[in-house]
1. Going by C-beta contacts inside 10 Å, put 294, 40, 57 in order with the fewest on the left.
2. Binning at 10 Å from 0, report for the range 239-282 what percent of all alpha-carbon pair distances ends up in each bin.
3. For a footprinting-style exposure proxy, rank 75, 305 by other Cβ within 10 Å, fewest first.
4. Taking the mean number of other Cβ atoms within 10 Å as a proxy for protection, how do you rank 24-33, 154-163 from highest to lowest?
5. Under 20 Å from a label point 7 Å along Cα→Cβ of residue 177: give me every residue in the range 44-72 with its amide N that close.
6. Only helical DSSP H runs with n ≥ 4 go in: add -39500 (n - 2.57) per run for the chain, normalise by residue count and round the 222 nm mean residue ellipticity to 500 deg cm²/dmol.
7. Distance from a point 7 Å along Cα→Cβ of residue 42 to each backbone N in the range 19-33: keep the residues under 20 Å and list them by number.
8. Report the rotationally averaged projected area of the range 3-233 based on its alpha-carbon convex hull, in square nanometres.
Amino acid sequence: MEESAIKVNRSRDGRQHGIEVSGLTFAYLTDPVLKDVSFTLEKGAIGLLGPNGSGKTTLLRCLLGQVPLSRGHVKVLGWDMASQARAARAGLGWMPERGGVIPGMSGVALVAYMGELSGLPSRDAMQRAHEVLHYVGLADERYRACQDYSQGMKQRLKLAQALVHDPDWLFLDEPTSGLDPRGRVSILELIRDLAWNKDLGVILSTHLLADVEAVCHEILVLRSGELLARQTVDTHTKQAKQVFEVEGFGNEEAFIADLRELGAQFEPDGRLLLVTLDLSRIPEACRPEGYDPTAGVNAILKVAKAREYALRRLRRRPVSLAEEFYRMVEA
């Protein structure tokens, strides 16, 4: 697809391009679904993580202005979503988890219709529909009745609907739901291209942690309606933190005490001892200059030798975003 087909209206009314949420509390009935949530986002790829019932979809609806806001403040693209949501939605694309298909309409007719609902003249909406369907890989299927699409095609169709009016931000709710591995990879490649190369802001709400690792720059973690954590998805940071499975015999107390001086953390795992080391905190005397992935192993070996602790087992256990996420939500 031509570069001009997916672009951002950077000059649209000279508005801001960020998202500001302050003290947001929301309840459908009496029990709050969101509790005093606050954050500020600039354009990028943001993963919204949390177990079922954590408030992810409700937060997206608040950002879209789909629900009344009574406590807290939400501003998107400089618009107050309590009173100016309709104006803001001109710059927002929404891909819901369910729905998005109108039986009897072709793919191109449906996407063009969504473009018209977003304010595009009918001719422009039809042109954009052809462009975005080509971009998402549905050019050859655009005249088929959309109810006959496969699940993967329906997900691409919903993404095209979210893109047709050239938004600044995309809000995606479980975009890989129901897809086989190949379809999942294809959708994630499109989302990554939009966020990393086309300068769109993307909020990816999902429970699939590998999706976030593949696409996002940072994550927001919700639990029981509260913002539990915010962290950067950074390859170097993940490499710098290493977990080792250790088993041995000898003066274990002295061995652990020396590792603790290096900033190590410990957790029993059956017969094993899990030792977590942050390589950036290991003194330079114990590691080569700069980043060295073997520094953790060398530090443990050095301590074991000094304390005459015989190692039966020393193996690095990969630290993934999944492990960090589950540790946060299950705490």
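1. Numbers: 294 13, 40 10, 57 19.
Fewest to most other Cβ atoms nearby, the residues stand as 40, 294, 57.
2. Spelled out per bin, shortest first, that is 28, 58, 15.
3. On the way: 75 19, 305 11.
Neighbour counts put them in this order, fewest first: 305, 75.
4. Values: 24-33: 14.2, 154-163: 26.8.
Per-residue mean Cβ counts within 10 Å order the peptides as 154-163, 24-33.
5. It comes to 46-67, nothing else.
6. On the way: 11 runs with 111 residues, N = 331.
After summing the helix terms and dividing by the residues of the chain, the value is -10000 deg cm²/dmol.
7. Zone members listed by number: 19-22.
8. Details: hull surface 48.1 nm².
Computing the convex hull of the Cα atoms and averaging its projections yields 12.0 nm².
Every number here is computed from the coordinates shown, using simple stated rules; none is lab data. Given the structure is predicted, the values throughout are model-derived calculations rather than measurements. Every residue, glycine as well, gets a Cβ built from its backbone with ideal geometry; the counts of neighbours run over all protein chains shown.
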